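Chemist: If you scroll down you'll find the structure; I have some questions about it.
Bear in mind these aren't lab numbers, they're just calculated from the coordinates by the rules spelled out. On a predicted model such as this, the values are computed, not experimentally measured, just so you know. Reconstructed Cβ throughout: ideal geometry from the backbone, glycine too, with neighbour counts over all protein chains shown.
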Amino acid sequence: MPETFDAVVVGGSYAGLSAAMQLARARRRVLIVDAGQRRNRFATASHGLIGQDGRAPEAIAADARAQVLAYPTVQWRQATALRADGAIDRFELEDDAGARVAARRLVLATGVVDTLPEIDGLQARWGRSVFHCPYCHGYELDRGRIGVVAVGEVSMHHALMLPDWGTVTFFLDGRFAPDEAQRAALAARGVAVEPARIARVCDRATVELEDGRRIEQDGLFVASRTQVASPLAGQLGCAFEDGPLGAFVRTDAMQATSVPGVFACGDAARGAHSVALAIGDGAMAGTAAHRSLIFG
Ligand SMILES: Cc1cc2nc3c(=O)[nH]c(=O)nc-3n(C[C@H](O)[C@H](O)[C@H](O)COP(=O)(O)OP(=O)(O)OC[C@H]3O[C@@H](n4cnc5c(N)ncnc54)[C@H](O)[C@@H]3O)c2cc1C
């Protein structure tokens, strides 16, 4: 019989650590399994989390990890959880080192993986001068030149919002054709529309078009496709919900999934993503998992 924990938290970043903190403070035995692939590891600074604004993402996570691991009932395992099965009070989890553990409750805090459009130079600048979240990185562009790279109609949202942060050019790149009403809305917000295809992104955020023109920008925004970072929720039978950028695990107001005893939090379980929201959801998931150990 593998070692049994009150709860296993899969994902030891902002959401998972926040969930584990609540369980630890209730003196419950918690194992955190983490693969070390935080979503914002590409960025040098994290913005928008009160009390931590502008700090390095790793520094925020490291402080949180140290605080949670200071509780004596918490264990940490650096590994990727590959398989989960079982049911409430007797879940089992296997990781990539072949280790198996049992858990009465599971908290899935695995985050998501981003897929960017295949444009030369885009991925290399992700988190440095190519972003997806205006609230996280728009302010630092200092009302400068902002390019929005279209991935489809969903990019209208970026194009219409970002004029609050700078002078916006909407690069359609053959991926989206705004209709008349959408063109009027863009014009009303002062957005320039550039229909040519993008050849590559170079320098800080200069867009080279296939027709040879180079349009210098201070930063680019692109809506990445997101996918829940692990198959565990699917293996357990959790229901998913469709978001504009990708599917995520469906939860209720207590972060409970459709499978009794399984909770989910952070980017993996919501459509809008930030560190602050992940931490809030994690706190709810941790307290809800703890209460369910008592009240069922
Ligand atoms: C480039 C970029 C910049 C960003 N900047 C900001 C910002 O400035 N401010 C802000 O608020 N938000 C920012 N975000 C969003 C922020 O990164 C996320 O909202 C936040 O990281 C979500 O936290 P989380 O704990 O849900 O997931 P994550 O932080 O992604 O952590 C998930 C953890 O689970 C682990 N994991 C996944 N699957 C498994 C498995 N099977 N077994 C074990 N471990 C697993 C991963 O390795 C990872 O460590 C940014 C995102 C990106 C992409």
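Chemist: With both partners inside the range 117-222, how many of the DSSP beta bridges are antiparallel, as a percent to the nearest 5?
Modeler: 25
Chemist: Now for a separate question. Under a Cβ-Cβ limit of 4.7 Å, which cysteines in the chain have nobody to pair with?
Modeler: Result for the chain is C202, C238, C265, no neighbouring Cys Cβ within the cutoff.
Chemist: Okay, moving on. Nearest 5 is fine: what % of DSSP beta bridges in the chain come out antiparallel, could you say?
Modeler: Around 40 percent antiparallel, to the nearest 5.
Chemist: So for M254, M284, M1, fewest C-beta neighbours within 10 Å to most, what's the order?
Modeler: Listed from fewest to most nearby Cβ atoms, that is M1, M254, M284.
Chemist: Can you grab the distance from the C-alpha centre of the range 221-281 to the C-alpha centre of the range 14-75, Å, no decimals?
Modeler: For the range 221-281 versus the range 14-75, the Cα centre distance is 18 Å.
Chemist: Please report, largest first and rounded to whole Å, the three semi-axes of the ellipsoid equivalent to the chain, where each semi-axis is the square root of five times an eigenvalue of the C-alpha gyration tensor.
Modeler: Value: 40, 18, 16 Å, ordered largest first.
Chemist: Can you give the Rg to Rh ratio of the range 117-222, both from alpha-carbon atoms, with Rh computed by the Kirkwood formula?
Modeler: Rg/Rh: 0.92.
Chemist: Let me ask another. So for the range 92-173, Kirkwood radius off the Cα pairs, Stokes-Einstein at 20 °C and 1.002 mPa s: how many µm² s⁻¹?
Modeler: 137
Chemist: Still on this structure, please answer the following. Regarding the range 1-148, what are the three Cα extents along the principal axes, ordered largest first, in Å?
Modeler: 59, 35, 22
Chemist: Moving to a separate point now. Counting Lys +1, Arg +1, Asp -1, Glu -1, what net charge surrounds E92 among other residues with beta carbon under 14 Å of its beta carbon?
Modeler: Charge balance in the 14 Å sphere: 0.
Chemist: On to the next question. Please identify, among E241, E94, E118, the residue showing maximal mean-square fluctuation in a Gaussian network model of the chain using a 10 angstrom Cα cutoff.
Modeler: Result for the chain, Cα springs under 10 Å: E118 fluctuates most.
Chemist: When only DSSP loop residues count, what GluC sites (Glu not before Pro) in the range 141-240 have their Cβ near at most 13 other Cβ atoms within 10 Å?
Modeler: Listed in order of number, the matching sites are E210, E216.
Chemist: If every alpha-carbon in the range 41-112 counts as one equal scatterer, what log10 I(q)/I(0) does Debye give at q = 0.27 1/Å?
Modeler: One equal scatterer on each Cα of the range 41-112 leads to -1.22.
Chemist: Largest first, please: the extent of the C-alpha atoms of the range 194-275 along each principal axis, to the nearest Å.
Modeler: 57, 22, 19
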